[in-house]
Amino acid sequence: MSSVTAFAPGRVNLIGDHTDYNGGLCLPFAIALGTTTTARERGDDRVRVRSTAFREVWTGRLADLTLVGRAAMPGWVRYVAGVLWAARDEGWRLPGLDLVIDSDLPSGAGLSSSAALECSVALAVGSLLDRPLDPGSRQPLAALCSRAEREYVGAPTGGMDQLVSLLAKPDHALLIDFADTSLQHVPLPLRDAGLVLLVSDTGAAHDLADAGSGYAQRRTECDAAAAVLELPRLGLAWADDLSRLDDDVHRARARHVLSESARVEDTVTAVAAGDWDRVGTILSASHASLRGDYAASTPALDLAVATAVEAGALGARLTGGGFGGSSIALVPEERATAVQDAIDTAFAADGLRAPTHLTVLPAEGAAVGRPS
Ligand code: ADP
Ligand code: MG
């Protein structure tokens, strides 16, 4: 029986948070860490899923991969089953499968382990079935994975993570305009500029699939504000429209969404000009907006961001949705250790557990085969 291994990376979002589901702009890039899935065809109608992250092995039948069937599955299995469910719904003729999953991404840290999992499963299974997987076919594949996360897992996420995991290029960020889902690879020569992005995982995992989560609440608030403005999505509003929102919460959320998309555009301009100080300033402004207008930060994220800037980062912000997870700081490579130590010291002084740090640069998107 044939078998295929595929790797899909996690990502950091340089800037543009909570803009995807609002039809705005974002600028993520893939990182070198990610998830590997090996898919092997079985001779029967069973699906067996094992992840090295969990002790349990899930076994079911292809016929169990329904919306009703998901109720009996452990939460993590739904990310995998959701991809198979969406693929079957879109006409893939699936055989019975053994799927083995291995990842070096922290889960729930805002580095998109969920999309890395979905995309590695989709790529491995798609490749096993000889489906077209050239770059032109990757956008529909990302949409399939995103649909799995939204409709099967029930996490109301916007689709950024799957696009960047499947389509990223090394040393580039991916500018995504969710008004029309158009994509543009933007050079992001951090390495040449002597910079790295320091990611600090505060250790408070967010759960985006939880209907009561802050993330889901923000989505509901944005939809409500868009409805007041009679727009399909809030990102389509103009700055003038803000005054038409009587509700203070709606107005604040809208202000973040509109200003964040403008900051993404400003970041692209500043990167093209090699003005990294300006990029840092914009990142910090994004954090202020996410903390204030969007109320998506936590005391630990605020502490990591403020300390990073005091210790020599050009700018810093929470990344990947907030409500826990990670901060990012744009740091001259030689300052990375000092910034990291300063964050650890500040956390210890506040009685918080030291974050887990890593430095990242823009890496390659998903690929069939094992990462080298
Ligand atoms: P993030 O995508 O930021 O890491 P999410 O809450 O979106 O956080 O997704 C995390 C969830 O994805 C985990 O709780 C788990 O259910 C699932 N997941 C991620 N990686 C793996 C893995 N290697 N094996 C099994 N499940 C995983
Ligand atoms: Mg996720």
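Condition check ((1) out of contact with any helix residue (DSSP H, G or I) (no Cβ under 6 Å at 6 or more places or on another chain); (2) under 30 Å from LEU258 (Cβ atoms)) across all residues:
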| residue | (1), (2) |
| --- | --- |
| VAL4 | no, no |
| ASN22 | no, yes |
| LEU33 | yes, no |
| ARG46 | yes, no |
| ARG55 | yes, no |
| VAL77 | yes, no |
| ARG93 | yes, no |
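Count of segment 61-94 residues, restricted to those that are on the phi < 0 side of the Ramachandran plot, surrounded by fewer than 18 Cβ atoms within 10 Å (Cβ to Cβ) and out of contact with any Leu (no Cβ under 8 Å at 6 or more places or on another chain), is 11.
Residue-by-condition table, conditions (1) within 16 Å of ligand 1 (Cβ to nearest atom); (2) of a type outside the set (Lys, Arg); (3) free of Cβ contacts under 8 Å to residues at least 40 places away in the same chain; (4) in contact with a helix residue (DSSP H, G or I) (Cβ under 8 Å, 6 or more places away or on another chain):
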residue	(1), (2), (3), (4)
GLU265	no, yes, no, no
ALA273	no, yes, yes, no
VAL279	no, yes, no, yes
ALA300	yes, yes, no, yes
ALA313	no, yes, no, yes
GLU334	no, yes, no, no
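Check whether at least one residue in segment 30-40 is over 25 Å from VAL77 (Cβ atoms), hydrophobic (A, V, I, L, M, F, W, C) and in a loop (DSSP other than H, G, I, E, B), and report yes or no. Taking every residue of segment 30-40 in turn, none turns out to be over 25 Å from VAL77 (Cβ atoms), hydrophobic (A, V, I, L, M, F, W, C) and in a loop (DSSP other than H, G, I, E, B).
For segment 96-128, filtering for residues that are in a loop (DSSP other than H, G, I, E, B), buried (at least 18 other Cβ atoms within 10 Å of the Cβ) and more than 16 Å from ligand 2 (Cβ to nearest atom) leaves 0. For THR59, the test of being touching a Lys or Arg at 6+ places or on another chain (Cβ under 7 Å), farther than 30 Å from ALA363 by Cβ and more than 9 Å from ligand 1 (Cβ to nearest atom) is passed. With respect to the conditions (1) within 16 Å of ligand 1 (Cβ to nearest atom); (2) at pLDDT 95 or above, LEU94 lacks only one, and its number is (1). Restricting segment 192-219 to residues that are modelled with pLDDT of 95 or more and loosely packed, with under 15 Cβ neighbours inside 10 Å, the residue that is farthest from VAL331 (Cα to Cα) is ASP192. The single residue among ALA173, ALA143, ALA124 that is touching a residue at least 12 places away in the same chain (Cβ under 8 Å) and within 16 Å of ligand 1 (Cβ to nearest atom) turns out to be ALA124.
Is it the case that SER243 is crowded, with 16+ Cβ neighbours inside 10 Å and either free of Cβ contacts under 8 Å to residues at least 40 places away in the same chain or within 30 Å of ALA193 (Cα to Cα) (or both)? Against the criterion (crowded, with 16+ Cβ neighbours inside 10 Å and either free of Cβ contacts under 8 Å to residues at least 40 places away in the same chain or within 30 Å of ALA193 (Cα to Cα) (or both)), SER243 does not qualify.
For segment 247-257, state whether one or more residues are of a type in the set (Gly, Ala, Ser) and over 19 Å from ALA173 (Cβ atoms). Yes, segment 247-257 has at least one match. Scanning segment 343-372 for residues that are touching a Gly at 6+ places or on another chain (Cβ under 8 Å) and more than 30 Å from LEU163 (Cβ to Cβ) returns a single hit, ARG353.
For GLY82, the criteria (1) assigned to a loop (DSSP other than H, G, I, E, B); (2) within 16 Å of ligand 1 (Cβ to nearest atom) hold in every case but one, which is (1).
The values are calculated or read from the model by the stated rules, or taken from the named source; none is laboratory data. All of these numbers come straight from a predicted model, not from anything done at the bench. Note: ideal-geometry Cβ built from the backbone for every residue, glycine included; neighbour counts use all protein chains shown.
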